[in-house]
Every structure is written in C-alpha cells, then in structure tokens.
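Worksheet for the structure shown next.
The values are calculated or read from the model by the stated rules, or taken from the named source; none is laboratory data. Computed from a predicted structure; not experimentally measured. Note: ideal-geometry Cβ built from the backbone for every residue, glycine included; neighbour counts use all protein chains shown. Heads up: the accessible areas ignore ligands, DNA and RNA and are worked out on the full protein's heavy atoms, side chains in. Shrake-Rupley method; radii C 1.70, N 1.55, O 1.52, S 1.80 Å.
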Amino acid sequence: MIVAIDGPAGAGKSTVARALAAKLGFSYLDTGAMYRALAWLAGERGVDPEDGPALAALGRANPIDFDAEGRTQIAATDVTEAIRRPEVDRVVSPVARQPEVRLLMRERQRELAALGDSVIEGRDIGSVVVPNAEVKVYLVADEAVRAGRRMVERPGIEAEALTADLRRRDESDAPQMQRAPDAVLVDTTRLTVEQVVELVEALVAEKRIPSGRLHL
Ligand code: DC
C-alpha cells in the first residue's frame, strides 16, 4: 500500500509521514530530501540551479540513496544535515522546477515506491508520482503556524525572515504543487501530530477493510 502525503512547506508532512510509517511498519520516503540533495550537490559543483539539462546530468551521475536509518546520501557524502541549511532552502525550489529534474526524480521515486508498503511525502505524489496510491492526503496549515514550525527546525533564524522565505517558496513551488482531486484535505493548524497521524491511520484502515471483507 502507498500512502501519499502532499502539501506545502511547514504543513507537517515530514513529522506525520515519519510517525505514520513507524506505526504502520511501512518505509518512509521524503521526496523533498531528494530535490534538496541535488540542489546541495549543484552548489558544491557550481552547477546553475536554473540549468535543467546540467542538473539532470548531475543527478543521473550521482543517484540519491537513503540508508537503513533514512539518512540521505549523494556523491558518497552523507548530506542529511547539510540539506536543511538555509542556503539549500533558497535554491531548492528553482532546482525542483526544472522539467528535466522532475522527470529524473519521479522515475527514481516510482522505483522506490515499487519496493513495497510506503509512506511518501512531497508535493505531487498523489497527483503525478503515484496517482494510484491507495491513500492520499493533502496537508495544509495557516502561515503563522507553518512559520512557527520552521522556527523550531531552524533555530537562530528570525520569524520575519522565515515567514518571508516561506512565502517565496510557496510562490515558487506553486506550479509543482498539484493536489490530487481525490486527496483528503487536512488542515493541521489546530491539530497535534498524534491527531493527524490517527486521522491518516483511520484512512489506511478504511482501505484495508474492504479487501478483508472479500475474504470472509
Ligand atoms: O518538502 P521540502 O521543503 O523538503 O521540499 C524541498 C523542495 O522540493 C521544495 O521547494 C519543493 C520541492 N519538492 C517538489 O517540487 N516536489 C516534491 N515531490 C517534493 C519537494
């Protein structure tokens, strides 16, 4: 079974997807980390974040991997922490916008999805990458709450700068943000992580019951 969790930055995707995967015993795939790893490597190698063909060539030559603990690797480097830095926040969106990059990443994401039960988070998972995912959720939250969550993840950066950055990323990510028409919309503004996880778990259980009944 595939559980697709999409939504904008700061809506709670990573926290929820990780907790849900652990509870269900599913693997967890963070597709944003893949775009981030490529953006990081482009910075290291001096590749223009708007040059789609060069980025795709770089990505093809340096496949992204996740180890057993879910740490992100590219070009024989563990980039798990480096890809969360503000420098990467700033360039990842243009990188992710390049059609050549999206083609390459989606190909790899589908390969990883085919390995078995997984919770996959991103922007276009339920709509484009795995449109036949059994469970699709689209998380949203108020801007102030999203910025507040980012502050916890990025200590030392001021609220105003984070809010401005979120706005820029929302605009820049908008063309890639495709909500599947059949995704369940969940506003996480006033919900705890546990509440959101329980809600998605209930959707998973609903999908499991019909096939169970057939075997009665
Ligand atoms: O979720 P995140 O902030 O780690 O995502 C990083 C960037 O990658 C963000 O600018 C949107 C982009 N992205 C995308 O275009 N498609 C995805 N499936 C996942 C992320």
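Laid out as a table, the results:
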| item | result |
| --- | --- |
| Of all DSSP beta bridges in the stretch 1-159, antiparallel share, percent nearest 5 | 25 |
| Farthest toward positive dipole pole in the chain [+1 Lys/Arg, -1 Asp/Glu at C-beta], among P8, V91, V152 | P8 |
| Cα-based helix-to-principal-axis angle, 193-214 vs the chain, degrees rounded to 10 | 50 |
| Accessible surface of the stretch 126-216 [probe 1.4 Å, protein heavy atoms]: carbon and sulfur percent | 55 |
| For the chain: relative contact order, % (alpha-carbon pairs under 8 angstrom, 6 or more apart) | 33 |
| Dipole magnitude (debye, nearest 20) for the stretch 7-68, charges at Cβ of Lys, Arg, Asp, Glu | 340 |
| Sequence ranges 96-107, 57-68, ranked by mean other-Cβ count within 10 angstrom, highest first | 96-107, 57-68 |
| Peptides ranked, highest mean first, by Cβ atoms within 10 Å: ranges 190-197, 23-30 | 23-30, 190-197 |
| Å² per residue, accessible surface of the stretch 1-160 at 1.4 Å | 44 |
| Charge dipole of the chain about the Cα centre (unit charges at C-beta), most positive-ward option of V130, V101, A76 | V130 |
| 0 to 90° range, to nearest 10: angle between helix 99-113 axis and the chain longest Cα axis | 40 |
| Rounded accessible area per residue of the stretch 161-210, 1.4 Å, Å² | 61 |
| Area accessible to solvent at K207, 1.4 Å probe radius, in Å² | 110 |
| Accessible carbon and sulfur surface of the stretch 1-100 relative to its total accessible area, %, 1.4 Å | 52 |
| Centroid-to-centroid separation of the stretch 26-40 and the stretch 183-209 [C-alpha atoms, Å] | 22 |
| Calculated diffusion of the chain, Stokes-Einstein form, Kirkwood radius summed over Cα pairs, 10 °C and 1.306 mPa s, µm²/s | 90 |
| Only Lys, Arg (+1) and Asp, Glu (-1) charged, at Cβ; the chain dipole about Cα centre in debye | 300 |
